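A.B. asks: Take this structure first; my questions come after.
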Amino acid sequence: MAIKLVLILVFTLFLAADAAYANDRANGVMWSNGGEAGVRLPLRVFNAKPAKNTVAIIYSGDAGWQNIDEVIGTYLQTEGIPVIGVSSLRYFWSERSPSETAKDLGHIIDVYTKHFGVQNVLLIGYSFGADVMPASFNRLTLEQKNRVKQISLLALSHQVDYVVSFRGWLQLETEGKGGNPLDDLRFIDPAIVQCMYGREDRNNACPSLRQTGAEVIGFSGGHHFGNDFKKLSTRVVSGLVARLSHQYSSGPAPL
């Protein structure tokens, strides 16, 4: 019986992964290994002429690169923000360590700020991708941290994992071996944190940040924000513009 259950779980994982890859094909999503820029990772690159001196890095949920990621990436691209997308399904299919995850994020920051000739970074994580973002940010170098002007956490939960799991795909509580992202957020300046959640999402952690100084925004709908990804995208950009404006009004203007 136990063997049968394991086989069913493995088969289900295979079907879910295959569905995610099929979604990539259906949407014409092409993945690069980043070799042309010196990054050996599966990346989705949205090229754009930088209009805000910023490059965005998006980590998807554990179901892979879905419509929410594509809509946000495309919207940022039209706003003059080049985007580097990371599929959490592909990247975390095998378990990663927190330090390895942060090292790869730092490498993406170093390579693509230089590649696009920009100074600033916008970090975005959805669901699984949001959960790993705070701990990853905390392990960046000081120079890399100083480049990050906004961290947008979409559908943040209370558990951090570094490998995709069957429970995660069912939107159930996972083992959370990486701890609670709220603990990691205590070490991050709340002024750069933007946390957005669906009010019907039963496992959202964003409301816990309301008294910290972070920007917390609730949307109608659940884990997928009622599929209103355009509205989500506009709030990401408006938050970034406000933070960049504050930075430049309180310090030297960019060259």
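Bear in mind that the values in this text are calculations on the coordinates, not laboratory data. Only a predicted model underlies this, so the values are computations on that prediction, with no experimental measurement involved. Neighbour counts run over all protein chains shown; Cβ positions are idealised from the backbone, glycine included.
A.B. asks: How many residues are under 11 Å from the mean Cα position of the chain (by Cα) and assigned to a loop (DSSP other than H, G, I, E, B) if we restrict to the range 118-149?
C.D. replies: Here the count works out to 1.
A.B. asks: Looking at Arg186, Arg199, can you tell me which residue is basic (Lys, Arg) and in contact with a strand residue (DSSP E or B) (Cβ under 7 Å, 6 or more places away or on another chain)? Before you say what the answer is, go through the steps one by one.
C.D. replies: Numbers: Arg186 fails: in contact with a strand residue (DSSP E or B) (Cβ under 7 Å, 6 or more places away or on another chain).
Arg199 is the lone residue from the list that is basic (Lys, Arg) and in contact with a strand residue (DSSP E or B) (Cβ under 7 Å, 6 or more places away or on another chain).
A.B. asks: If you don't mind, there's one more thing I want to ask. Looking at (1) assigned to a helix (DSSP H, G or I); (2) within 17 Å of the chain's Cα centre (by Cα), find the lone condition where Ile81 falls short.
C.D. replies: Failing condition for Ile81: (1).
A.B. asks: If you don't mind, there's one more thing I want to ask. Which one is nearest to the chain's Cα centre (by Cα), of the residues in the range 181-202 that are assigned to a loop (DSSP other than H, G, I, E, B) and buried (at least 17 other Cβ atoms within 10 Å of the Cβ)? Steps first, please.
C.D. replies: Our first condition is that a residue be assigned to a loop (DSSP other than H, G, I, E, B); within the range 181-202, this holds for 186-189, 199-202.
Remaining after also requiring buried (at least 17 other Cβ atoms within 10 Å of the Cβ): 188, 201.
On the way: Ile188: 16, Asp201: 18 Å.
Filtering first and then ranking leaves Ile188.
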